[in-house]
1. How much space per residue, in cubic angstrom, does the convex hull of the C-alpha atoms of chain B take up?
2. Along its principal axes, what span do the Cα atoms of chain A show, with the longest given first and each in whole Å?
3. May I ask for the longest run of chain B untouched by GluC sites (Glu not before Pro) that are loop-located per DSSP and have at most 11 neighbouring C-beta atoms (other than their own) within 10 Å?
4. Where does each of A:29-42, B:198-211 land if you order them by average Cβ count within 10 Å, highest first?
5. On full extension of the chain, what length is gained from residue B:328 through residue B:622, given 0.36 nm per residue of separation minus the C-alpha to C-alpha distance?
6. Based on the alpha carbons, how large is the Rg to Rh ratio for the range B:192-279 when Rh follows Kirkwood?
7. Taking every DSSP beta bridge that has both residues in the protein assembly as shown, what percent is antiparallel when rounded to the nearest 5?
8. Using only the Cα atoms of the range A:25-69, build the gyration tensor, take square roots of its eigenvalues as a ≥ b ≥ c, and label the shape rounded, prolate or oblate: rounded if a/c is under 1.5, else prolate if a/b is larger than b/c, else oblate.
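Read the figures in this text as sums done on the coordinates, not as results from a lab. This structure is a prediction, so every number in the text was calculated from the model and none was measured. Here the Cβ is made from the backbone with ideal geometry for all residues, glycine too, and neighbour counts use every protein chain on show.
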Amino acid sequence: MSALLELRGIRAAHERINVLHGVDLAVAAGQVVALLGPNGAGKTTVLRVAAGVHPAASGRLLVGGRDVTGADPRRLARAGVCLIPEGRGVFPNLTVRDNLLMMTFTGRSRAEIEEIAFTRFPILAKRASQQAGTLSGGEQQMLALARGLATDPAVLLLDELSMGLAPLVVGRLYEQVAEIARQGVAVLVVEQFAAAVLGIADHAAVLVRGRVQRQGHPDSGLRAELSALYMGSPL
Amino acid sequence: MDQFITFGIVGLSTAAIYAVIGSGLVLTYSTTGVFNFAHGAAGMLAAFCYWQFTVGWGWPVPVALVLVLLVLAPAFALLVERAVLRPVQALGEAERLVMTVAMLSGLIAAARWIWDPNVARPLPTFFADRKPFHLGPATVTWHQAITMAVAVAVAIGLRVLMYRTRTGAEMRATVDDRALVGLAGARPVRANQVAWILGTQLAAIGGILIAPTVTLDASQLSLLIVSAYTAAVFGRLRSLPMTFVGAIVVGCMESYLAGYLPQNAYLPGLRLAAPALLLFAALLAFPHRRLRGRDRRLRQIPVPTMAGTGLFALVVVAFGVVLATVLSAPDLITYGPIFSLGVVALSYVPLAGYAGQISLCQLSMAGIGAVVWAHLGAHGELWALLVAVVVSAVAGGLIALPALRLSGVYLALGTAAFAVVLDQWIFTLPTFKLFGVQIGLFDQGSVTAVGPDLFGLHLDSESQLMVFAAVCLALASIGVAALRRGRFGRRLIALRDSEAAYATLGGNLLLAKALVFALASGIAGLGGALYGMQLQSVSATQFNLVAGLPIFLVAVVGGLGAVGSGLFTGTAYVGPINALIAIAPWSQNAVALLPGLAGVGLGRNPDGVVPSMRSEWAPVARDRIALPVLVLGIAAAWVLRLADVIDGWVFCGVALVLALALRGWAAARQRAVLAAAVAAGSAGAEAAAPEEVPVEWLGIRRAWRPEDEEVLARGIAAG
Ligand SMILES: Nc1ncnc2c1ncn2[C@@H]1O[C@H](COP(=O)(O)OP(=O)(O)OP(=O)(O)O)[C@@H](O)[C@H]1O
Ligand SMILES: [Mg+2]
């Protein structure tokens, strides 16, 4: 199975401070890869590099086997990379409907997008003309995730979907993520709240200080290592 | 009744123009976050181009319209977006504001340069040859009808564009979250470009429609925009329907004021100032919030050392003495304002630099100082200078009270409105009595000002006044530096960083703002009085809003946080322009563009040039050989000049070459010393460097210092 998203030896810096020191990751079609690690490890940076928002200092980025290193976010979005950023990935002053309209830049028509979003998240149909910023946190995250569902991406990058949400809502959101993956999308999930994602992940990678320290099947061994990391082994 | 309706129709057609211009302003502000002070100036330029094509060159009206609206306006908008705004997009609100103020100032200068302001340029109204038609009891000209139809079309068109099209959604989304627009596969830059093109086109339409009914004058047309700004403020700079409502209020009010205001000496100015008064009122009446999601990058304000400031003050005085003795009499008049305008510019340092309050009415405050001095100090009484400072300070404190609710662009707008009210109305009033006190202003013309009487020594020659102004600038600079080092200065900076954090730390916002406004206005008033002494005769136009803009721009270019920017602004504003005119008289008009261009150059060096100049000259000041050599060298050249051995140009050349050479030499020596220190083992150097302590550990890992309050406040504001 060839990887849809591949990062090879990615290095990246924030204002001359190196935060990624050669990250290798591959996500195949239909696969959910969980990227875990302590705060400040560089997980968000990995996703931003993969979406073209942050430039890589060196290394290569491949999407669907094509080298797209250095492409801008817009080109990557059109090539099927969809990043749902940290925080709420919605336009707060636009209505739900206009937020959905903003998903039409990658090819699908407005009608198709609304159809998919509203069947998956019926609550959004009820809130269609409400400003997105006034939705509840869970509803906002649904709207953000709707982009991953409705725009038919090849690669979905999710950053901290669970932030500030109740476990029940998180569980429901991740069910949708699993569903997206079943349609053949390569999904890379960054998550602090490891338990939420390990249930659906096929593969997990642990990022520590800008390096992938371990990766493999999300079995108990990895979990133990993670809890050691979070509970304060020396970083 | 008929008259009432006629004035109503006139009001509505003016309102239609304000609505068109105002909606362009709202469109650009709400989609790009840039408040375009030059919006009216773009309309002005369009009106001039239209005049040139139709009247000047006799081209058919449709051709001219297409050319101006569909070719020139979009091209201009794209150029402005690319060259002026993109470089400062990531900088703070103040820088973006300065860019458009620079554009305003530059466009007015450019228009005056291209189209001689002394030539009258009548522009016919649209369909002037058709008979007006009657609508019930009202008579409507075709021009008025077209104007109103255009406004309605614009209202509908914008509504459809913004809320019914994807481009509209893209534009609104770009304000919300630029990065996310890119992630969605759209192009945020394109959304901005569309907004600028539409905005400029709307300004152009407004300019072309309004020009036939007023005189085609660059600054008047640019400032007619005040009314359109008022309309936009009614819409809180984001609601188009409310902008239209605001436009109707302003348009009708102007028209009825023109029709019904009784004729007397005190009121004609009120009619001109009415839009500005209404703008001020609207700013206060409509609560507003900053656009959300705007990143603010706050810069450090250097803390000057007292020794360095003392040296700087000596340099200022020495510079004044040298200039006063070297320059010829006519040159003394030309370059006289270096120090007095420097004092006015220095008033920006505490106000805009430390406290982050952008005020566009400092020159008006200077005007108050000048008037008080002219009246009370008619025989040079020194106490009158003190009164001038106090009266200006009180006036400044008074603006601060309403302005307390304003910040950022709103404050800039409010103070601009205040400046317009002063120069259009208050300054033009004849002498009047208030509470039994006779108050005289510019006596509807100009008033004379004399030099001060310094304990029996009457200063009245240009050279004496120049030295006096230099001493005042030096003292004021020391005062401002001391302020920065003191507790109040640190509090002001905390206030700039975050008003919320400042209030949380227990600061009294009202008091702090009123004090800093009063202080800055007092300094400006002193500058105004000094300026008046040098001019000998002062009139209201010397202190109007447009005259004040270049001073603000040069001060920003110098760096608002640096005490040295007073001297810098005076020198850079007065010096090069006049020197250029002396060398190349044909450049008379072009040089007025310089401050505007300099402001636009700010995007490259947002900290200003004074801080970098200071770091370049610091080695000379510290060097035990270079400094005495420099002082002695210049003194020797000066003596030669006084003895008429060399002329002024040679003196300038010698001083400049000597200074530059020593600067290079001292810098090289310092580098050598540093290299030696490094070679001798870096341990010593490291121990000398202060330890970096994270904010949350201040007071714990090392003892609490008073300066930490500011650091902590900034940490809170950033987090
Ligand atoms: N804009 C920025 N400027 C400077 N440094 C940054 C910036 N963004 C991130 N960093 C630094 O880069 C490092 C990695 O940040 P990143 O956001 O990728 O971490 P993360 O693993 O996502 O952390 P978290 O779990 O807290 O979200 C951190 O040390 C952070 O301080
Ligand atoms: Mg993160």
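1. Details: hull volume 133.3 nm³, N = 719.
Hull volume over Cα atoms, normalised by residue count, gives 185 Å³.
2. Principal extents (Cα only, largest first): 49, 37, 37 Å.
3. Result for the longest clean stretch: B:1-690.
4. Ranking the peptides A:29-42, B:198-211 by packing returns B:198-211, A:29-42.
5. 102.5 nm
6. So for the range B:192-279, dividing Rg by the Kirkwood Rh gives 1.01.
7. Details: 33 of 51 bridges.
Counting DSSP beta bridges with both partners in the protein assembly as shown, the antiparallel share is about 65 percent.
8. In terms of gyration-tensor shape, oblate.
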